Each structure stands twice: as C-alpha cells, then as structure tokens.
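Notes follow once the structure below has been shown.
The values are calculated or read from the model by the stated rules, or taken from the named source; none is laboratory data. Keep in mind the model is a prediction, meaning the values are calculated, not measured. Using ideal geometry, Cβ is built from the backbone for each residue, glycine included, and neighbour counts are taken over all protein chains shown. Only protein heavy atoms, including side chains, enter the accessible area calculation; ligands, DNA and RNA are left aside. Shrake-Rupley method; radii C 1.70, N 1.55, O 1.52, S 1.80 Å.
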Amino acid sequence: MAIDRFGRRIHYLRISLTDHCNLRCVYCMPEDQTFRPNAELMQDDEVLMLVRLFAGLGFDKFRLTGGEPTVRAHIVKLVHDIAETPGVKYLSMTTNGVLLKKLAYPLREAGLQRVNVSIDTLNSERFRRLTRWGTLDDVLGGIETAEAAGLTPIKLNAVVVRGYNEQDIVDLAALTIDKPWQMRFIEMMPFAGATELQLKQVVTADEIRSQIESEFGPLEEANNGELDGEARMYHIQGAAGEIGIISSVSAPFCAQCTRARLTADGRLRLCLLREGEVDLLTPLRAGASLDDLRQIIIDGIWQKPWGHGLADGLIPLNRVMSEIGG
Ligand code: SAM
Ligand code: SF4
C-alpha cells in the first residue's frame, strides 16, 4: 500500500500519455508550443510496466490524460492492456473529445469505463477562440457517441476564463436539466506556458456558483456533501444530472487528495501544483529491478507534499499543464 507521511492512502494515478495535442487551449499552452520527441515519452511497454507496479502497490483507479490521450498511436491497444492489468478496477480518460466519434466504441470495447470530455462553451465562435484550433460540432458529436457507446456516466469539464466564456456558465449548467451528465466547472490554475492569462483571468468557484444560482435558484447539495474526486457536487432542483465545482485555487481540497501523477516523460509528480517529481523512466531504462522501482515509488509517495502553495505565491513553472496531465 502507498501511504504518504500525512497518512493519506494514495491509490489514484493519472497518467499523461503524451504532451502532444490537436488543440491549443488558451489556458493550457501557447499556440507555438513545441512537444517532446517520441523517444523521450514513455513507450507502451514502459507505461504497462509502471501500471503493473502501481497496481501492485494498491493503486486501483487510473485515468489516462495528456496532452490529448487519443492522439497517441495504438491508444486502443494500450487501453486494452492497461484494463487487463490485475488490480486496475477503475479506468477512465480525460479527452477533448475531438476524436471520440471514431474512437468511443473501440475504447469502450477495449475496457475503458468512462470519459471526462472538456467543453468550455456551447457557442462555436467562442469555442474556436478558446481552443484556437477546435470545432465545437466535433466535440458535441464525440460526446453523443461516447454516451451511446456506454462510456458513462458522462462527465464534462469546463475551465472558466474571464473574457472568454464566463457568459457560458448558465448554458453549460442547463445541460444537466435533461441529461444525466455531470457538468464540472474548474477554476483556472497557473502553470508555465500561459501564466499571465491564468493568473489574471480566473473566475472563482463562488462566482460560478452565484451565476448558476441567479438563473436556476439555490443549488442543492448532491453526493451527501462528499467531494466527487476534487469536485463539490450540487444539482439544480429537479435536474437529471449534477453540477461539480472545482475550487483548486480558492478552496483547495488537499486533505482529501488520494492521487499521484505520471508525466508523459515518466516522472512521478506528487502534486499537480508543485514542481517536485521523482524520475521513474531513467532508472527503468537503466535496468533497475522491479524491487528497486517499487521502492523509488514508495519513497516518492511518502514525500508527497501536504498541499499546494498558490496562496503563498508559489506557482509551478517547470512544465505546461499538458505534460503533467490535468
Ligand atoms: N486534452 C484533454 C482535455 O483537454 O480534456 C486532457 C488533458 S487536459 C490538460 C486535462 C484537463 O485540464 C482539461 O479538463 C482541461 O480543461 C484542464 N486544464 C487545462 N489547463 C488548465 C488550467 N490552466 N487550469 C485548470 N484546468 C486546466
Ligand atoms: Fe489540449 Fe487538453 Fe490542453 Fe486543450 S486542455 S490544449 S485539449 S491538452
């Protein structure tokens, strides 16, 4: 079992399968972002070896992310092999949805259980402005196909950026009235790559909530007041779905954190918003034994920091978001 020095049992691993992406969201990376050469990324056998090691340490929940995980070569086969790994109980993916029309059924058949799809607005012009390269209809079609394929319950993620999509909060929340979806609003966080915008254009969880309430009335608490992952859960009265609000910046949930991350280049990242990492890929490639690697992971998890330091002005600048895996 992997436990940190504060007694938190860490059993959820988010894996960035690639830093590459087919979009260029303004809150995530600059338009001229350059990516790592393939040789620097974990190869399929390396991902699988690390998944086996983490599963052996009691990790049972895995999320594939990026960058955009669906642009990785052989993604369906890789999902299949991860899903088959003993100990992997929950397997989901965070995706921008652009390729889901083509991939939702094959991914479901390969053993993927659920997807979180990022969609920040239902207005096609604002969608293009936010993602720079995206077409809204591709994502809407992708969500529909994911639902039909059974990658459910569908969860949608929206980062709210002042000057880009704060006027879309109400329309996105309204999706949950008829659909049994979870619409999750995320406070924008600061990283390298787009730091100025990320710091200056945050829309806080309180503001998101009050916009929704001014349209639909008081939100009711859902999920018995428990967090779902990092989201505080609500629903609009009488709605089929739920609303999640993720307040990583204004009201962090570090005490309940059970997760660690694996970066696209094989580093164990202990907190999304701290720079500290433990290199796993270099020892793996240098022929470290499984026991040695297991010990490196256990020691790394032990050192997981209590929480992030945004309130003290500590911003992680060693990587853009897509390398870490959101
Ligand atoms: N490409 C996939 C996608 O967009 O869903 C997966 C990777 S993306 C980095 C994972 C999540 O992080 C997405 O929901 C995205 O909206 C969110 N994200 C990206 N940059 C962010 C930022 N600066 N603050 C908060 N969330 C961010
Ligand atoms: Fe790509 Fe996802 Fe980052 Fe948007 S948020 S640029 S889709 S990795």
**Complete:** In Å², rounded to a whole number, the accessible area per residue of segment 12-323 with probe 1.4 Å is 41 Å²
**Request:** May I ask which residue of Ala146, Phe216, Leu199 lies farthest towards the positive end of the charge dipole of the chain, with charges of +1 (Lys, Arg) and -1 (Asp, Glu) on Cβ and the Cα centre as origin?
**Result:** Ala146
**Asked** Could you give the dipole magnitude of segment 12-323 about its Cα centre, charging the beta-carbon of Lys and Arg +1 and that of Asp and Glu -1, in debye to the nearest 20?
**Response** 460 debye
**Message:** Can you return the lysines within cross-link range of Lys155? Criterion is Cα-Cα under 17 Å, with same-chain partners fewer than 8 residues away left out.
**Reply:** Lys61, Lys101, Lys179
**Fill in**
Taking every other residue with Cβ under 13 Å from the Cβ of Val203 and scoring Lys and Arg +1, Asp and Glu -1, one gets -3
**Space enclosed by the convex hull of the alpha-carbon atoms of the chain, per residue, Å³** = 123 Å³
**Request:** Express the relative contact order of the chain as a whole percentage, based on alpha carbon pairs under 8 Å and six or more residues apart in sequence.
**Result:** 22 percent
**Complete:** Within the under-12-Å Cβ sphere about Asp171, not counting Asp171, Lys/Arg +1 and Asp/Glu -1 give a net charge of -3
**Asked** Mean residue ellipticity at 222 nm from the helices of the chain, using -39,500 (n - 2.57) per DSSP H segment of n ≥ 4 over the full residue count, to the nearest 500 deg cm²/dmol?
**Response** -9500 deg cm²/dmol
**√(5λ) per eigenvalue of the Cα gyration tensor, segment 72-159, largest first, Å** = 25, 12, 11
**Request:** Report, to the nearest 10°, how far helix 100-110 tilts away from the longest principal axis of the Cα atoms in the chain, using its own Cα long axis and a range of 0 to 90°.
**Result:** 50 degrees
**Item:** Kirkwood Rh in Å, taken over segment 174-326 so that all alpha-carbon pairs contribute
**Value:** 17.5 Å
**Item:** Helix 290-302 vs. the chain, principal-axis angle (Cα, 0 to 90°, nearest 10)
**Value:** 40 degrees
**Complete:** Carbon plus sulfur, as percent of the 1.4 Å-probe accessible area of the chain, comes to 50 percent
